[in-house]
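For reference, the structure is listed below as structure tokens.
The values are calculated or read from the model by the stated rules, or taken from the named source; none is laboratory data. The model shown is predicted, which means the values in this text are computed figures rather than measured ones. We place every Cβ from the backbone using ideal geometry, glycine too, and count neighbours over all the protein chains shown.
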């Protein structure tokens, strides 16, 4: 049996894991490695990519900055989250605000230190990334459209770091990036519908708060329709191996999403829609393996 003190420590550890959303960070790190192996550095041996110390430093630095970003976001959104996510908020509050800030600065310092192992440009990139996340959490997220766009941009920034590292400028990579960006942007706008109650209470000027739910649904619908374009391009024009099956499934899911969007009226409905987009994004990470199912085995030898 755990003592009361040990139980409290365990709860605080779970709270910190909840705040930094460790599961999301693991998925992003995996996505960076898979993208490097199958897309960005497909001409290099797998072992060389996996054992690349500089790539590891970039992925680790990205993970630390993202974790710090979740912490500072939780710090600024603590009052809003009490309304929108009361259960999660109560767990997160087991960690004191002072502890959160200390962890925020330590994680950011460690990320810049790791980036220095790669290059001075990496240090500049991650310093700018840290500043961008802080500015978004402190100010920009309260602005309609701007907050959504900046949030989606920050979400794909870790992939940009790896993209620049390998200097691979193939058109297919930009189409992949556009598809991911539009999906994340649509998800950010769905989150605004999901959190409208807390946003109104805390005077956040999001799209549904300022322009209404119907207008927000129109914007999301347009975004989803635009997202279908890179998906269709990746199916019919570019060589993506068996990953074309993922993009076909994505088109089906997005059409279903559009139908459900216009039938949704409650927070529970919007959470379902959010989860559909999240599922498409996470499924996309593992679907990178379908680009060439024999790729890893053939390049290990």
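What the table shows:
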{"read-out": "Tally of residues being part of a loop (DSSP other than H, G, I, E, B) and either in the same structural domain as residue 158 (by TED's automatic domain parsing) or touching a residue at least 24 places away in the same chain (Cβ under 8 Å) (or both) across the stretch 181-228", "value": "6"}
{"read-out": "Residue check for residue 249: touching a residue at least 40 places away in the same chain (Cβ under 8 Å) and outside any loop (DSSP other than H, G, I, E, B)", "value": "no"}
{"read-out": "Failed criterion for residue 48 (all others in (1) under 30 Å from residue 291 (Cβ atoms); (2) surrounded by 14 or more Cβ atoms within 10 Å (Cβ to Cβ); (3) at pLDDT 85 or above hold)", "value": "(2)"}
{"read-out": "Sole residue being at pLDDT 85 or above and more than 19 Å from the chain's Cα centre (by Cα), chosen from 65, 95, 59, 124", "value": "124"}
{"read-out": "Lone unmet requirement of (1) assigned to a helix (DSSP H, G or I); (2) crowded, with 19+ Cβ neighbours inside 10 Å for residue 132", "value": "(2)"}
{"read-out": "The listed residue being in a loop (DSSP other than H, G, I, E, B), in contact with a helix residue (DSSP H, G or I) (Cβ under 6 Å, 6 or more places away or on another chain) and in contact (Cβ under 8 Å) with a residue 40 or more places away in the chain, out of 238, 270", "value": "238"}
